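Written below as structure tokens is the structure these notes are about.
The values are calculated or read from the model by the stated rules, or taken from the named source; none is laboratory data. Worth saying up front: this structure is predicted, and the values here are computed from it rather than measured. Reconstructed Cβ throughout: ideal geometry from the backbone, glycine too, with neighbour counts over all protein chains shown.
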């Protein structure tokens, strides 16, 4: 069977959005599709993390569908179409890689490319008024905190040593305790946010990407918790039927088994 090509996908989406197409597809807007765009992106990430190339092929297709979907909606509005999207990124790639498509021979390694990146953006009319410009507000909070802090470091706004940042983390923890004693829930939320922000700062200072570190901890916790459930069932119980001491015993066993 002959394989479908990219242009076939574009035509399929055009049909789905037509009056004779699918009622659900016709109803969608840029805004209504945002949750799907985010979900599909994370599913691609999961497939990469699992090194599951069959899933990766499928999930990349789902993500590509979102791009074609948004482009079709934009075309119906008369603002741009999928060809404009392709044209835009192709031009950007060529412009930002003069060492590949032009005659720049002074860009020799990845570090050189990164140093030139901001200059390329400025030439594209994207000069920042602030170091904070260009960081999407819709990023997950952990990732946004990391990027905000990395931008601040560019102008030298950073901790001088580990002890200083450690003291600040402890200070933020103490401020949570103070907010709890006050009974002010909004203040508690604020102080917890400051503590999490500092935890990200600590990770960044140590050269650890907080999103990757937390993702690994999430996976570790899930495996250990599932193992606890398995141990409980072997005892003929559900976790919710056990005391906290009994669950703690299972947790310690899980830590030994599920390193």
Under the condition of being within 25 Å of the chain's Cα centre (by Cα) and in contact (Cβ under 8 Å) with a residue 24 or more places away in the chain, which residue from the stretch 93-123 is farthest from residue 154 (Cα to Cα)?
96
Is at least one residue of the stretch 151-167 surrounded by 12 or more Cβ atoms within 10 Å (Cβ to Cβ), in contact with a helix residue (DSSP H, G or I) (Cβ under 6 Å, 6 or more places away or on another chain) and in a helix (DSSP H, G or I)?
yes
Of 113, 85, 68, which residue is surrounded by 12 or more Cβ atoms within 10 Å (Cβ to Cβ), in a helix (DSSP H, G or I) and at pLDDT below 95?
113
Confirm whether residue 90 is surrounded by fewer than 12 Cβ atoms within 10 Å (Cβ to Cβ) and assigned by TED's automatic domain parsing to the domain that holds residue 35.
yes
As an exercise: evaluate residue 100 against (1) in a helix (DSSP H, G or I); (2) surrounded by 12 or more Cβ atoms within 10 Å (Cβ to Cβ) and give the number of the one condition it does not meet.
(2)
For residue 142, are the conditions met, namely being crowded, with 16+ Cβ neighbours inside 10 Å, touching a helix residue (DSSP H, G or I) at 6+ places or on another chain (Cβ under 8 Å) and at pLDDT below 95?
yes
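Going through the stretch 5-17 one residue at a time, which ones are in contact with a helix residue (DSSP H, G or I) (Cβ under 8 Å, 6 or more places away or on another chain) and in a loop (DSSP other than H, G, I, E, B)?
Here is the first cut: in the stretch 5-17, the residues in contact with a helix residue (DSSP H, G or I) (Cβ under 8 Å, 6 or more places away or on another chain) are 9-10, 13-14, 16-17.
Within the stretch 5-17, just 17 meets the criteria.
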